[in-house]
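Let me begin by presenting the structure, written as structure tokens, before commenting on it.
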Amino acid sequence: MDSLTHIALGAVIGEAIAGKSLGKRAMVVGAIAQSVPDIDFVNSFFLDPSQNLLAHRGITHSFLFAVAATLLFTVLASRFYSAYQVSTTKWIVLFGTEILIHLVLDACNAYGVGWFEPFSHQRISVNLLYVADPLFSIWSGIAVIMLLVLKRMDKRRSYWVAGCLVLTSVYFLYALANKLIINNSVKDTLTTNRITYQRYFATPTPFNSLLWYFVAEADSGYYIGHRSVFDHSPSELTYFPKQKRMLDSLRQVHEVEELIKFSQGYYTVDDRDSTLVFNDLRFGQIMGWDHPQGKFVFRYYLQKPDENLLVMQRGRFTGWNRKTVRAMLTRIKGI
């Protein structure tokens, strides 16, 4: 998830677990604790773009790191906050819960996380939530504001904490239900179109869990479409050839291998702007629900390394305006 969501939700969980012992300090500790796995952002200062893609959400998002960080921060917090009535067990519960929730939430996005690093380099991604979903995050934001305003001993603090956690959990389950609906309807769409596929995935489009983007892998390419939970008719599909042969003449063999590994094999190659472009399909298209042939958000210029400092959301919201939003809302209503 986005950093603000981790900070806000971490603050609420900190209040829930240690608020009575630490007061409002628990919110600060919780926000920091849930942000700890993202310390891997420092890799971007030292690694090449393709290497950084694999390093991000790698070892610092593993269960091994969660255990080590929980124990380390428990020792540090026990000493730093020795004047407060906080048991070692409570510290372990606080830090363990915060870091584990961070790992779970990040696995819900398309990027994927290395839960089992360094023993396995497999990335886990369940494609359940968009990286920034207002209806998931807003409850934590409201709760944090109220917890900052209310005094430490105000009984209403517990209501805001409980309300936030309940509403956040309900939306999570709602997104899960939508995921199951979409998975079934995508299979039906592929069957109706008599498409033989090896695997597929579906992931939410920006800021919602109602309209989903899906990719089905065939022998030499991919069928891509969009599906709303309110759709009744089969979705229109657009075919994109993989064009793997275009990579054969490149000298950056190691770089290409890293990109293929990061994309989990969901990629296409095309020639644009005098360079070969590696498209990671997992992150969707720019307004793909309205422009089936639209550019992919993740575009890596293989022969122009200086232009790859920002590849994750390249032009994600280019051309967005009121008309675009209305088109998206219309598509969400279903076909």
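When the residues of the stretch 191-207 are filtered to those that are within 26 Å of the chain's Cα centre (by Cα) and free of Cβ contacts under 8 Å to residues at least 60 places away in the same chain, the one that is surrounded by the fewest Cβ atoms within 10 Å (Cβ to Cβ) is Q198.
Scanning the stretch 68-88 for residues that are without any contact (Cβ under 8 Å) to a residue 24 or more places away in the chain and either closer than 22 Å to F119 by Cα or not in a helix (DSSP H, G or I) (or both) yields A68, L71, L72, S82, A83, S87. Taking the criterion of being in contact with a Gly (Cβ under 8 Å, 6 or more places away or on another chain), in a strand (DSSP E or B) and free of Cβ contacts under 8 Å to residues at least 60 places away in the same chain, the residues of the stretch 217-243 that qualify are E217, T238, Y239, F240, P241.
For the stretch 67-112, a residue qualifies if it is farther than 30 Å from T205 by Cβ and small (G, A, S), and the qualifying residues are A68, A69, A77, S78, S82, A83, S87, G96. The condition of being among the aliphatic types (A, V, I, L, M), closer than 22 Å to Q264 by Cα and modelled with pLDDT of 95 or more holds for only one of V113, V67, V93, that being V113.
Among the residues of the stretch 89-107, is any closer than 30 Å to K179 by Cα, under 14 Å from the mean Cα position of the chain (by Cα), free of Cβ contacts under 8 Å to residues at least 60 places away in the same chain and in a loop (DSSP other than H, G, I, E, B)? No, the conditions are met nowhere in the stretch 89-107.
Return the residue satisfying two criteria in turn: it lies in the stretch 224-246 and is over 25 Å from the mean Cα position of the chain (by Cα) and either of a type in the set (F, W, Y) or within 15 Å of Q293 (Cα to Cα) (or both), and of such residues it is surrounded by the most Cβ atoms within 10 Å (Cβ to Cβ). Walk me through how you get there before you give the answer.
So the first thing to find is which residues in the stretch 224-246 are over 25 Å from the mean Cα position of the chain (by Cα), and the list is 232-234, 236, 239, 241, 243-246.
Those still in the list that are either of a type in the set (F, W, Y) or within 15 Å of Q293 (Cα to Cα) (or both) too: 236, 239, 241.
On the way: E236: 12, Y239: 12, P241: 14.
This residue is P241.
Only one of (1) surrounded by 18 or more Cβ atoms within 10 Å (Cβ to Cβ); (2) under 24 Å from the mean Cα position of the chain (by Cα) is not met by W160, so which one is it? Checking W160 against (1) surrounded by 18 or more Cβ atoms within 10 Å (Cβ to Cβ); (2) under 24 Å from the mean Cα position of the chain (by Cα), the one that fails is (2).
Quick check on my filter: what residues within the stretch 35-64 are of a type in the set (S, T, Y), assigned to a helix (DSSP H, G or I) and modelled with pLDDT of 95 or more? Scanning the stretch 35-64 gives S35, T60.
Looking across the stretch 1-34, the residues that are outside any helix (DSSP H, G or I) and of a type outside the set (D, E, K, R) come down to M1, G23.
Filtering the stretch 270-279 for residues that are at negative phi, free of Cβ contacts under 8 Å to residues at least 12 places away in the same chain, within 24 Å of the chain's Cα centre (by Cα) and not assigned by TED's automatic domain parsing to the domain that holds Q51 leaves an empty set.
Find the residue count for the stretch 62-109, including only residues that are surrounded by fewer than 21 Cβ atoms within 10 Å (Cβ to Cβ), of a type in the set (D, E, K, R) and closer than 20 Å to A16 by Cα. Residues meeting the conditions: 1. For the stretch 247-284, taking the residues that are in contact with a strand residue (DSSP E or B) (Cβ under 6 Å, 6 or more places away or on another chain) and surrounded by fewer than 17 Cβ atoms within 10 Å (Cβ to Cβ), the one that is modelled with the lowest pLDDT is identified as T275.
Just name the residue that is farthest from R299 (Cα to Cα) out of those in the stretch 249-281 that are part of a helix (DSSP H, G or I) and of a type outside the set (V, I, T). By that ranking, first place goes to H254.
The values are calculated or read from the model by the stated rules, or taken from the named source; none is laboratory data. Computed from a predicted model, the values in this text were never measured in an experiment. Neighbour counts are summed over all protein chains in view; Cβ atoms, including those assigned to glycine, are modelled from backbone coordinates with ideal geometry.
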